[in-house]
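In what follows, a structure is listed as structure tokens, so that the remarks can point back to it.
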Amino acid sequence: MAFRFVCRHALWVISLGVADAQSQRPNFIFFMPDEMRAESMGVYGGPAPTPNFQRLAANGVKFEQCHTSYTVCSQSRAAFMTGWPTHVAGHRSLWYLLQQWEPNMLKYLKSAGYEVRWWGKNDLLAADSFPDSVDSAMSALGVSPVLARNIARGNLSDPRYYSFLYEPLPKWAVDETGDARNVFKAIEFLKLKQKEFKRGATESKPFAVYLPLFLPHPPYTAPEPFYNLINRSEIPPLRPIGVKGKPDFHRLIREYRHLPSSETFLRELHAVYLGSIAYNDYLLGKLLDALDETGLASTTNVFAWADHGDYAGDWGLVEKWPSGLEDVLTRVPLIAAGPSITSRGATIGPQPVQLFNLVPTVLELANITVNHTHFATSLVPELRSQPRETGSALSAVFAEGGYSTQEPRDNEGWLGRDKRRRPRDIYFPKRLQQREQPLSVCRAVMV
């Protein structure tokens, strides 16, 4: 269902660090696929072709070791929009979103005079936060991945049923998915801004466009030709099942979901995930082309990242797990390019960076002072090939996950909230496991 919030005033006042004229301040586009791990992308040496992410990186900076703070959607977003580790304000569940009284990066931008537009899914803001944070927000209706048919064709006795592997979307849907329509809405907006700037409209504001997309989040599918883009026989070996020293939840996920263990099946699932990444790259290419065609590339900084990764068949597992802290879940892409970024084709690594460093980085580029207490470090020195002060080098990252057994309401399977308890629901085994095996989703940390 589409959501839309149109805002007329910002009630939260934020001071500007530099009183530049709005026309001199850079625009921003935030391109954010869901559940896209870095190691699978061609730009990071992975098997999924990503020429447009590589095009972005060639004109800017790629962070080789960027890690999220939490490996579930809402909790990760609460962190990377505030500069807070997830636990700081108790955003440990899928449902506790950022509230009106809390800071967020979009709110800073809007309060500083930016026109903030949002096309895509939520998992970030509570309803009362939208008026102060964005000028408008919507999720365009289109061909949804969940409309593809489950590969098991509704047969619960088929071990593939709970694997999230679906059949392909038709080729005609390549520009008709919800993700595509959201990107094309953003492109329409860019064309309108181009006309404003050509007219020299004095009321024209700098803009920030936020694009939180759905894919490659499960179900694993994509429109053709992306679904079958990857040659199954050429995929590098997956991480094997039964590795010693792995947490119990690995085994329990496979058991509760009755997941197939055959290499052929897992490689098929993994290949579809890679194809879905390639589809995201296609959409990014459309966006970058529009920036070039409108002339807005010279005034717009583009940041691309993901909220967390996905198992995608490694260790015989699917999607993610709240207390899962392996690199396939925590390591995400972070690439930035634009007029404020003077480094070209730079790769920052192997030192790690925290994804929530986005907050002071973006706001510094926008000449906005961050007024709330946070735990992030601006990456502007890396974006501009500037040396860091002695002793301030980035050296470690932190991630957390899971739920306390004393706080069952945070659990995704909490009976007080879980309304999808029918076995036909594809998340049924996940919720059941969290209820019956709470220690399999206990609190966990990573440094």
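The values are calculated or read from the model by the stated rules, or taken from the named source; none is laboratory data. Note that the coordinates shown come from a computational prediction; the quantities given were computed from them, not determined experimentally. Note: ideal-geometry Cβ built from the backbone for every residue, glycine included; neighbour counts use all protein chains shown. These accessible areas exclude ligands, DNA and RNA; they are computed on the full protein's heavy atoms, side chains included. Shrake-Rupley method; radii C 1.70, N 1.55, O 1.52, S 1.80 Å.
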- Query: Quick one: would you say Ala297 is among the small types (Gly, Ala, Ser) and in a helix (DSSP H, G or I)?
  - Reply: yes
- Message: Taking the criterion of being in contact (Cβ under 8 Å) with a residue 60 or more places away in the chain, open to solvent by 10 Å² or more (accessible area, probe 1.4 Å), over 24 Å from Phe375 (Cα atoms) and not in a loop (DSSP other than H, G, I, E, B), would at least one residue in the stretch 92-115 satisfy it?
- Response: yes
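Considering Gln65, Gln99, Gln75, which residue is of a type outside the set (Asp, Glu) and farther than 17 Å from His308 by Cβ?
Sole residue among the options that is of a type outside the set (Asp, Glu) and farther than 17 Å from His308 by Cβ: Gln99.
Picking from His217, His250, His270, which residue would you name as being in contact with a Leu (Cβ under 8 Å, 6 or more places away or on another chain), under 15 Å from Ser40 (Cα atoms), modelled with pLDDT of 95 or more and not polar (S, T, N, Q)? Don't jump to the end; show me each part of the working.
Details: His217 fails: in contact with a Leu (Cβ under 8 Å, 6 or more places away or on another chain); His250 fails: under 15 Å from Ser40 (Cα atoms).
Result of the check over His217, His250, His270: His270.
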- Checked pairs for the stretch 243-262, first at positive phi and of a type outside the set (D, E, K, R), second in a helix (DSSP H, G or I) and surrounded by 11 or more Cβ atoms within 10 Å (Cβ to Cβ), C-beta under 8 Å and 6 or more apart or across chains, list as His258/Tyr161; His258/Tyr162; His258/Pro429
- Message: Here is a list: Ser298, Ser262. Which entry is under 18 Å from Pro240 (Cβ atoms) and surrounded by fewer than 21 Cβ atoms within 10 Å (Cβ to Cβ)?
- Response: Ser262
- Looking at Asp314, Asp307, which is the one that is open to solvent by less than 10 Å² (accessible area, probe 1.4 Å), among the acidic types (Asp, Glu) and under 17 Å from the mean Cα position of the chain (by Cα)? Asp307
- Task: Hey, can you tell me all the residues within the stretch 126-161 that are crowded, with 17+ Cβ neighbours inside 10 Å, of a type outside the set (A, V, I, L, M, F, W, C) and touching a helix residue (DSSP H, G or I) at 6+ places or on another chain (Cβ under 8 Å)?
- Result: Ser129, Asp132, Ser133, Asp135, Ser139, Gly142, Asn150, Arg160
- Item | Top-ranked residue in the stretch 413-434 [being in a loop (DSSP other than H, G, I, E, B) and at pLDDT 90 or above; ranked as nearest to Leu165 (Cα to Cα)] | Ile426
- Message: Can you tell me which condition Tyr427 does not meet? The list is (1) out of contact with any helix residue (DSSP H, G or I) (no Cβ under 7 Å at 6 or more places or on another chain); (2) closer than 20 Å to Asp307 by Cβ; (3) surrounded by 17 or more Cβ atoms within 10 Å (Cβ to Cβ), and all the others hold.
- Response: (3)
- Can you tell me which residues in the stretch 147-193 are touching a Gly at 6+ places or on another chain (Cβ under 7 Å) and not acidic (Asp, Glu)? Thr177, Gly178, Ala180, Arg181, Asn182
- Task: Please state which of the following conditions Ser440 fails to meet, knowing it meets all the rest: (1) assigned to a loop (DSSP other than H, G, I, E, B); (2) more than 28 Å from Lys62 (Cβ to Cβ).
- Result: (1)
